[in-house]
Each structure stands twice: as C-alpha cells, then as structure tokens.
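We did not get these values from a lab; they are worked out from the coordinates using the rules stated. The structure presented is a predicted model; accordingly, all values stated were derived computationally and were not measured. Cβ coordinates were reconstructed from backbone atoms using ideal geometry, including for glycine residues, and neighbour counts include every protein chain displayed.
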Amino acid sequence: MGDTVDLDQFSDWMRRYAGVIHDNAPLLTELDSAIGDADHGSNMDRGMTAVVDALDVGEFTSPADLFKKVGMTLVSSVGGASGPLYGTFFLRFGGKLGAGPVDAEGLGVALHAGVDGIVQRGKAAVGDKTMLDAWVPAVEAYDAAASSGVGAALTAAAEAAAQGRDSATPLVAHRGRASYLGERSAGHQDPGATSTVLLLETAAETLG
Amino acid sequence: MGDTVDLDQFSDWMRRYAGVIHDNAPLLTELDSAIGDADHGSNMDRGMTAVVDALDVGEFTSPADLFKKVGMTLVSSVGGASGPLYGTFFLRFGGKLGAGPVDAEGLGVALHAGVDGIVQRGKAAVGDKTMLDAWVPAVEAYDAAASSGVGAALTAAAEAAAQGRDSATPLVAHRGRASYLGERSAGHQDPGATSTVLLLETAAETLG
Amino acid sequence: MKKLINDPADVVAEALVGMEAAHGDRLRIDYEHKVIYRKDAPRQGKVGLISGGGSGHEPLHGGYVGPGMLDAACCGEVFTSPVPDQLLAATTEVDGGAGVLHIVKNYTGDVMNFEMAAELAAAESAVEVRSVVVDDDVAVQDSLYTAGRRGVGTTVILEKLVGAAAESGRSLDEVAALADRVNAAGRSMGLALTSCTVPAAGKPTFELGEDEMELGIGIHGEPGRKRVPLASAREAAQLLVDPILTDLPYGTGDSVIAMVNGMGGTPLIELYLMYGEVHRLLEQAGIGIARCLVGNYITSLEMAGCSVTLVKADDEFVDLWDAPVNTPGLRWGA
Amino acid sequence: MKKLINDPADVVAEALVGMEAAHGDRLRIDYEHKVIYRKDAPRQGKVGLISGGGSGHEPLHGGYVGPGMLDAACCGEVFTSPVPDQLLAATTEVDGGAGVLHIVKNYTGDVMNFEMAAELAAAESAVEVRSVVVDDDVAVQDSLYTAGRRGVGTTVILEKLVGAAAESGRSLDEVAALADRVNAAGRSMGLALTSCTVPAAGKPTFELGEDEMELGIGIHGEPGRKRVPLASAREAAQLLVDPILTDLPYGTGDSVIAMVNGMGGTPLIELYLMYGEVHRLLEQAGIGIARCLVGNYITSLEMAGCSVTLVKADDEFVDLWDAPVNTPGLRWGA
Ligand SMILES: Nc1ncnc2c1ncn2[C@@H]1O[C@H](COP(=O)(O)OP(=O)(O)O)[C@@H](O)[C@H]1O
Ligand SMILES: Nc1ncnc2c1ncn2[C@@H]1O[C@H](COP(=O)(O)OP(=O)(O)O)[C@@H](O)[C@H]1O
Ligand SMILES: [Mg+2]
Ligand SMILES: [Mg+2]
Ligand SMILES: [Mg+2]
Ligand SMILES: [Mg+2]
C-alpha cells in the first residue's frame, strides 16, 4: 500500500502521547517504585509536557525538524535513564525522515535508527529487562508487516511490543536500576517497556 | 491505736512498690505519652530497681537510714521531674523518722515533711495537675484518720489520693510538662499523681 | 519500633562509646557519669561551661563540646534530665578556678536537677556556680503561675555565643550576664509532622493523621499546643514566624541570627526550602539575617518537623558567633 | 505524604532559593540550570570539579560546593539525574583553563547524561573534560553484563579528597588519576528501616513490615538486595561491615577513612551507636580508622537507615582529608 504519514500526523502522535503519558504517569511511577526509584511517570510526564509546550511555540516545516525538537526537548527536560534514551530515539528517528510525508518503508528505517540509538546509548540487549525488550520485537514485527501499510505495521509493532514487555516481566534485570535488585526484579513489569508500548499504541492510532 | 511500723515493714514497702511500679510502668508511660514525654514509667522503674539494688547490698539500722538511701538513690538514678520530687520526698520523710518503730502520729509527721519537700522543690500547688493533687488530700485524709491507727490512716490516704488524682484529670495543667499543652492537657490523668496513688496503696498494704 | 539500637536501656551509654570512638581526639567520656568532656578540660582561668539534659536531641549537647563552646555535656536518659550526681561531677571537673556556668533548658525536671547540683556544689566544693535558664519557646504562655516557657532552639545559639565569650577569657559575671542577654533576645517556635518513639516506651508518643500536624511542639516528642491541618511550607513558615515576630523583641531594622532546625526526621532539602520561606517573611518584616544555621541542631529523635529560632543580634553577638569553634556539631575558623 | 513543601514540582527550585538565602556569601545559584556554584568560580588555573545527580541526597552534592571541594553541583529532580544542558552549562562556567572533572555516580541515567554533556562539551567548547564514575556499593554484584555497582558513600569522601587536590593546583591528569584511586579504594553497604516518599510520587516507594529491614539499599529509596528480619545494631553493623571486608582491598594493618552515614530519617544518637559497633568490628579485623564522619552526608530523603563506607587511606589521602574545606556540609581548617 502507498499510504504515508505527514507532519500533522506526527505532531498529533506526540500530543496524543503526552496525554496518554499524563494519564498513565501514576501507573509508570508505581511500576518504577517496585524495581526502581519511583520517578518514571513523573519523568515522562515532565518530558512530554515540555514537548507539547515546544510544539505549541515552534514552527516546524518537516518531520525531521519536529523530531529534532522532540528529541532535544526530552534530553533537556527528562533526565534519568529515560531522558537520554527516548531523546536519542527521537533524534535518530527524525534524522532518517526528510521534509515530506513518509511511507511505511521510510518509517521502518527511521524506527530502526531510533532503536539503534537506544542500544548505543544504553548498551543493553534484549533480555536485560529494559525498554529494549519492547522495542526490538516491535521493529521486527513492523518489518514483517510493513508491506501491509503503516497502519497494519504499527499495530503489529505495538502488539509485539506488548508481548515483549510481558515476556520480560519474569526476567531478572541486568541493566538500569532494576538490576540492583538482583533476583528480586523478577516478576515485575518494566516501566520503560511499558511507556514504549504506550508510544507504539498511540502511533498505531494516530499514524495508521 | 498503738500500732507501729518497723524497719522491715518499710523495707518491704519499698520492695513491693518496686514490683508495682515495674508492673505499671507501661501504664505510667502511656499516661505520660498523652501529656508529657513518655518516660514516667521507665523513669520510676529505673529508680525503684536501683532502690531495690541498694537495699540488697546495704545494711540499715534505722528507718531514717533506709529512707536516706532510698531518697538519694532516686535522686541519683531517676532524673526528670520525678527524680528530685520523689527523692526529696523520701529524704524529708526519712529525716523525721528515728531509729526505732514509728507510730501513726510519727508517720503523719514524716508524710507532711515529705510533701512539704515536694512543694518546696517543685513550687506547685493543688490544682496544678501534678502529683500534689494526690499527695495533699492524702495527707489530709491521713491526719483525719490517724487516730484509728496506721492501717486505717494509710487506707484513707490512698483513697483520698485516688480521688485527688481523678479530680485533677479534668484540669488544665499549670506545672510540669503537661502545662505546655495548655487546654489540651484537660481530660488526661496525671502520671505522677498515678504513681503517688500506687505508692500509698502499697503503703496501706505493707505498713498497715 | 524500628531503631538501630541494641537494648533500649543501653542507648545512651552505647552512643557515648561511638562518640568517643569518633571524636576521641577532641573529647573524652566519663562513662560512669555519662559526661562528655572537652579533652583538655579544665582550662585554667577559663569559665567552665556545662550543659546537659535528656538525650535524643543530638547534636545538642554533646556535639557542642569543644573549643569555643561547651566544656562538658551531661547526658540524661532519652528525654529525661540528667541527675544531680552527673552535673556535680562535671561542675567539679571543669572548674578552672574561674567558676562554672550551668546552661539549663527550662523544664521542671532539668531546673530541679541542676538546682540540686548547684546546692550540692555550694555545700561540697568551692566552685562558684551560676545558671542561665533558657526559656525561648513562644508556643508556651509565660506566667508566674506556670512552669514558664520551654527552652529550645536558642540554647544552640547561646552555647555558641557564651562559649566564645568564655574562650576569650571573660569572667563568670560577664559570661552569665551575656547568657541572660542571649536568652532574652531569643525566640523559637516549632511544629511536627510525625511523632517519635522513645526507645524505652517502644511506640510513638502520639498518633497523628495523614493530614494533620502538631503546632507548638517542644523537643521531647510531646504533642504541641494544637493540632492543625497539614499546611504547605509557605503556610507553615508563617505559622512559625508570626508568633515569634509578634512577641518581643524584634522590629523593623533589627538583625538576627536565624536557625531553621530539623527535628530529626525531616530531610535537608525540606529545611532549605523552609529557610527560603522564612527568609522571605523576615525580609517582608524588614528584619535582616546576619547569620544563619539550617539543619538538625536540636532534635527530637526521628520526629519529622522543624523549628525556627531568631536571636536578635547586635555586633557583639555577631562577633562572638564568628569566633572559631571546633566541636562535632558546629565548626568553623578551626 | 507529609512534607514541608509547596508544590511537589517546585521542591528542587525552592530548596535552591533557601540555599542561596543561607549561603549567598559563599555560593551562587543559576536557577535556570539549577546549578549551585562556588561564588568565586571559575578559579583561574584550577581544575574545575563538577558533580551532580538527582536531588534528595542532601547535603550531597550542593552542600559540598565551596573552597576545597566542588566548584559546581548540578541538581536533577528528586532521584533523577540532571540533564546534559545543566552539566554542559556548569562545565563551561567552572573551567578556569585547567579542564574540568565530572564526578559521576554509577547509575545508568547519570552516566548517560554526563556522557552526553561531555560529548557536547567536546563538540561545542574547548574545555577538556574527564570523568570518574564512582561505583563502590558492594551490595551489587559487578559484571560486564550488568550496569555494575552503584555509586554511594565513597562519593562524599572522593569529593573531599579530589577537592583538596584540585585546590592545591594539581593538573587534570593528576586529579582524574587520584579520583580513580579513591574510587578503587572505597566500598560501601547500606540498609533501610523505612522507605521514603518521592514528592512527585506522593507515597512511599515500598512498604516494609514492623519487623523487617532492607539490606543492600542504594540512595534512591529503592528496595534493597534482600529483605531480612529487623536486627539489633550489633547485628546490623556486622551485616554492613562483613561484605565490605570480604571485598577487596582491605586487610589487617590497613587504615581507612570511615563513614557511618544516616539515610536521612535516623537520629544522630543511633548513628553514633552504630559507629561504636563499626569501630569495634574494624578493631577486631585489625583495621585502623584514620579519620571518620558520623552523620547525614548522602541521604535518601527521609529514609531511616544507614550505610557504612570505608576508603583505604594512605598518608596522601589523610593529608588531603585534613586540608581546609569550607562548604555548607563539610567544614574545617577554615
Ligand atoms: N541501559 C538501558 N538501556 C535501555 N533502557 C534502559 C536502560 N536503563 C534503564 N532503561 C529503561 O529506563 C527505565 C527507567 O527510566 P526512569 O525511571 O525514567 O529513569 P531512572 O532509572 O534513571 O530513574 C527502565 O524501566 C528501563 O526500561
Ligand atoms: N512542679 C511539680 N511539682 C510536683 N509534681 C510535678 C511537678 N512537675 C512535674 N511533676 C510531676 O512529675 C510527673 C512527671 O514525671 P516524669 O515524667 O518522670 O518527669 P518529666 O516530666 O521530667 O519527664 C508529672 O506527671 C507530675 O505529676
Ligand atoms: Mg526511575
Ligand atoms: Mg515524663
Ligand atoms: Mg522526661
Ligand atoms: Mg530516577
């Protein structure tokens, strides 16, 4: 299929995600309380609020512009582990987008670049019980479904992310704060994987 | 009546009181928690334990001797308000006792001297919601019943002390830590008046 | 009860072991009497300064023993004043021929035990003893017919100022007069967000709802003058500063030494936030802050809450404040 | 949640207002970037020292800014590492031509944010930047395949020692090498008796029964390695000291700088009691204590509990320790 995603849809994605994060901040903080330091919800909420503020005042002529701003804003406002990771994701993601609308293939390239950025920045791998356990199966599922169009590919990605998130729950963490808990981290859902699933679900709703 | 109290009985009084205080320490501390600093039980228990230790090792030839030791021991081991007050009581009380057994009249003189000591040391008056609210009516009742003998007089004193303690409960404290609470001290039973009632009840049991 | 202790009966004695292990270069301990001494006490010709009181207020008083501050601190049981024997032993020990000042916080028990010690010192030794009774807590109504105001935060500032004066060689008369002036110039007010647990009691002294706080507390884990709804830092600062400012002796143009003191369980980040609020209120009232302290200086075990102390300070007080001090709890210029 | 705050979102910014009000003579604040500067930074020719991390650990790091210690502290949100912008601003500001050392506690977030700042500094400025990543927490198993050990108590001692070295004019190479040596010589272990509440979260991070404690905690209110029955001070000291002693690099005859650190809600009397226990255990192990700290130095908001840090100290370390320092949180010789 030849469907594409344009600047307005990307912008809508970010605004909708900000609302989703705000609504889910207590859940994310609750998850982070069990195996972290009880701030993932407030971190992401602070970051996405700053993103919306930036979108409100900024003028963006291309998706590349938009996501550069999103990435920089997250890096500059979130802190913690998730700030550099999500920030790097959007900076790299935007770096692969051009000035005009993007098709399913182009979006896939951008997603890959973003996830590679997370790996480079955080040096984690699948199975370490981090957001990568959602991201990596998500991009694989996206690739497999890309020929069916953006909507179908993103839906597949979001579902795979959710499965990845859940499959990481029984694991013992090796990266991030949860790793300090050792065996006690097993059985808890990872907060960053959870916010990743929300991001991809929102993408499927807004970009599809 | 011509009954008298001898050294052994006095000594027995102190030992029995130590046991009563130990059993009632949680109650006294509980009362002191409401309007004070939660230590009257442990203060009195520490003091009377020290008194029993002193009686165990000491040789006493007269009630005067015995109560000098009791008073000094309380002063040296209790601290807080109750240490100087009970200590002074026993020092003055013992100061009025001679070498031999004492009769009801002599015991009354000693009690008066002890209570005068509390007043001098603590500068409180009846109605200030302190141990004096138990002591003052107690010595008055003792005086009125003294002609019926030690046992009857001490029983009357203990009963009057209990009434005095209870009549102080609705009052607002003017002395001691409870005074810092102002109006909030009303409705609470005074810990020091409570330990005084126990002392006189034990006296009625052991000296009568 | 969750505490890092062994037997509740041994808390004070075992904490002294730690004090000596940590500060044996500067302090020595008389374990029999539970007295913390400045290592080089007595200092010939210097007025000896002794304070003491119940334990559980650390760093007060033991943390303020050392050059420029106290010569000895007598440690009572938790929240229980020391006994005369302790105070007498310390009085005799620190006298360097110039007499001894007793710094007493105004609580019935403290006053009586210090009084008995002074009587014994007069009877048994030639040491000249004076006392200052600190009574700076504006939460308590003062009157001839009551026990009067409690001694709280001003004690810290008084021990510093009087310590500097004694160190500089002032006479007992001068040191005692200065102590009275500092006390007269100091006012405090405190609040609690939680209670605390006396080790021997084993449970919190009082219970407080999630949306309540106690206003007008002292330093013994006791309930305050009244229970009020939990307030913001801004409102809380007003509740503490207002009753101080309406009390004598502060006014526009005056300068103070200010302390925002934690009760033991409130983190420093909150104390600094409170200090910002207090600073703003004093600025509005036209009162300058010459010097300040922010932290846990006179505590009530692990109670959450804070107190504000203001001591009106002229140049003499500021100079005494700036003089070197070298104690575990306060140190500068040394 | 019972805290002396206004809006949870403003806690860090408002605490900075209090810091400046209290210490404006020595510190200045960049409110935009939430950086606390030594007032006279940059110092020409001196290596600039920057640390930073989440807030809620006070006095770390802001309380350690001043002569003889840090040039700047970058304050993140509570328990959240600062962002690269803050770190970059501070890096540029404190450079006095001799380069800048970043003192980073080993947490994924802190490491990544400092890394990004260093990358930006390299790209955008001529400032030479080095980093030391403190990872001293023996509660955490170290391995190539994990995030490694956390940075905890050794950070305090490292900031003091490295601060003295920078003050004395050592080069960036020397200062960075010293920082690595201090980190290599330091080990810590902590326990918690209670949880704490992140203001934005509004409730305690975890729940703990009356008869339980968390062993092997960090400084972010997080649960520890395991939940164990509440222990006496004596047993608790053993639980903290043993895993340190069995780890490198201590042995009989060695000397250490020791810290018994409160997590924020434990009263000083308990910390001294614990210090007595730790001192006894080290004596038994034949380890001498050259210098020590007892108190709240690196905290986790109002958490009750404590940690033990030992840094093996040779004469050089002891001399650096004794050098003058003048910060709100540590002060001597000045
Ligand atoms: N090295 C890493 N690589 C990928 N994701 C990570 C890494 N470390 C942490 N994370 C993710 O970050 C999340 C925590 O984010 P957050 O709570 O905002 O930061 P912090 O851990 O600094 O408090 C974790 O749940 C995890 O998914
Ligand atoms: N001035 C006083 N005169 C007589 N009794 C007093 C006075 N002050 C306090 N008390 C008594 O002492 C009791 C408290 O004793 P305790 O708790 O042992 O000492 P503290 O108040 O120093 O903690 C009070 O309940 C009261 O009965
Ligand atoms: Mg987190
Ligand atoms: Mg009491
Ligand atoms: Mg008491
Ligand atoms: Mg965090």
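Annotations
- Estimated FRET transfer efficiency when R0 is 51 angstrom, pair D:Val228-A:Gln120 (beta carbons, to 0.05): 0.85
- Radius of gyration and maximum dimension Dmax of the protein assembly as shown, Cα, Å: 32.6, 120
- Cβ crowding within 10 Å averaged over residues, with C:205-216, D:221-232, D:55-66 ranked highest first: D:55-66, D:221-232, C:205-216
- Between helix A:150-168 and chain A: long-axis angle, C-alpha atoms, 0 to 90°, nearest 10: 10 degrees
- For the range D:1-121, share of DSSP beta bridges that run antiparallel, in % to the nearest 5: 40 percent
- Within the range C:303-321: backbone nitrogen closer than 19 Å to the C:Asp247 label point (7 Å, Cα to C-beta): C:305-314
- Pseudo-label separations to other copies for D:Asp173 - Cα-to-Cβ vector, 7 Å, nm: 6.8
- Computed [θ] at 222 nm, deg cm²/dmol, chain C (DSSP H ≥ 4; -39,500 (n - 2.57); rounded to nearest 500): -10500 deg cm²/dmol
- Each other copy holds its own label point for D:Asn326; taking that point as 7 Å from Cα along Cα to Cβ, the gaps run 1.7 nm, nearest first.
- More than 20 angstrom apart: percent of Cα pairs within the range C:211-283: 33 percent
- Between identical copies, the spacing of C:Gly209 label points, each set 7 Å from Cα toward the C-beta atom, reads 3.0 nm from nearest to farthest.
- Computed magnitude of the charge dipole of chain A (debye, nearest 20; Cβ of K, R +1, Cβ of D, E -1): 680 debye
- A:Leu171 long-range amide H proximity, modeled H, under 5 Å: A:Gly187
- Peptide B:27-38 has a mean of 6 when you count, residue by residue, the C-beta atoms of other protein chains within 10 Å of its C-beta.
- Each listed q (0.15, 0.20, 0.28, 0.31 Å⁻¹) maps to a log10 I(q)/I(0) for the range B:44-100, found by the Debye formula over equal Cα scatterers with no solvent: -0.37, -0.63, -1.06, -1.18.
- The charge dipole of the protein assembly as shown, taken about the Cα centre with unit charges on the Cβ atoms of Lys, Arg (+1) and Asp, Glu (-1), comes to about 1100 debye, rounded to the nearest 20.
- Amide hydrogen neighbours beyond the local backbone of C:Met303, cut-off 5 Å, H modeled: C:Gly265
- The mean number of partner chain beta-carbon atoms within 10 angstrom of a residue's beta-carbon across peptide A:69-77 is 2.
- Förster radius 56 Å - calculated FRET efficiency between D:Arg26 and B:Asp56, Cβ distance, rounded to 0.05: 0.40
- Cβ-based charge dipole, chain D, positive-most Cα from D:His102, D:Pro229, D:Ile298: D:Pro229
- Descending Cα extents along the principal axes, the range D:181-334, whole Å: 46, 35, 28
- Distance cut-off 15 Å, percentage of C-alpha pairs in the range D:20-91 lying past it: 47 percent
- Net charge dipole size for chain D [Lys, Arg +1 and Asp, Glu -1 on Cβ; Debye, nearest 20]: 420 debye
- Local net charge near D:Val152, Cβ-Cβ under 11 Å (Lys/Arg +1, Asp/Glu -1): +1
- Applying the Kirkwood pairwise sum to the alpha-carbon positions of the range D:266-313 produces a hydrodynamic radius of 11.8 angstrom.
- Estimated inter-spin distance, D:Arg280 and D:Ser168, nm [label 7 Å along Cα→Cβ]: 3.7 nm
- Descending Cα extents along the principal axes, the range C:70-176, whole Å: 39, 28, 27
- Gyration tensor verdict on the range D:246-334 (Cα atoms; rounded if a/c is under 1.5, prolate if a/b is larger than b/c, oblate otherwise): oblate
- Each principal axis of the Cα cloud of chain D was evaluated for its coordinate range; sorted largest first, these ranges are 53, 49, 43 Å.
- Stokes-Einstein D (µm²/s) once Rh is taken as the Kirkwood radius of the range A:161-208 over alpha-carbon pairs, at 4 °C in 1.567 mPa s: 114 µm²/s
- DSSP-defined antiparallel bridges as percent of all bridges, the protein assembly as shown, nearest 5: 55 percent
- Cα-based helix-to-principal-axis angle, B:63-77 vs chain B, degrees rounded to 10: 30 degrees
- Each Lys or Arg adds one and each Asp or Glu takes one away; over the other residues whose Cβ falls under 12 Å from the Cβ of C:Asp7, this sums to 0.
- Farthest toward the positive end of the dipole of the range A:52-199, out of A:Thr196, A:Ala104, A:Ala141, is the Cα of A:Thr196, where the dipole comes from beta carbon charges about the Cα centre.
- Sites B:Val109 and D:Glu235, calculated FRET efficiency, Cβ-Cβ separation with R0 41 Å, nearest 0.05: 0.15
- Net +/- balance of residues flanking B:Gly127 in space, Cβ distance below 14 Å, scoring K and R +1, D and E -1: 0
- With respect to the axis relating copies D and C by rotation, the chain D residue whose beta carbon is closest, plus that distance in Å, is D:Gly265, 2.
- For the range B:120-208, the set of trypsin sites (Lys or Arg not before Pro) satisfying both a DSSP loop assignment and a count of at most 14 other C-beta atoms within 10 Å is given as B:Lys123.
- Averaged over the residues of B:173-185, the number of partner chain Cβ atoms lying within 10 Å of the residue Cβ comes to 6.
- Normalised alpha carbon radius of gyration of chain B [divisor 2.2 N^0.38 Å]: 0.95
- Using alpha-carbon coordinates, inclination of helix B:191-207 to the longest axis of chain B, degrees: 20 degrees
- Radius of gyration and maximum dimension Dmax of the range B:6-77, Cα, Å: 13.2, 42
- Two-decimal Rg/Rh across the range B:108-208, once Rg and the Kirkwood Rh are taken from alpha-carbon atoms: 1.00
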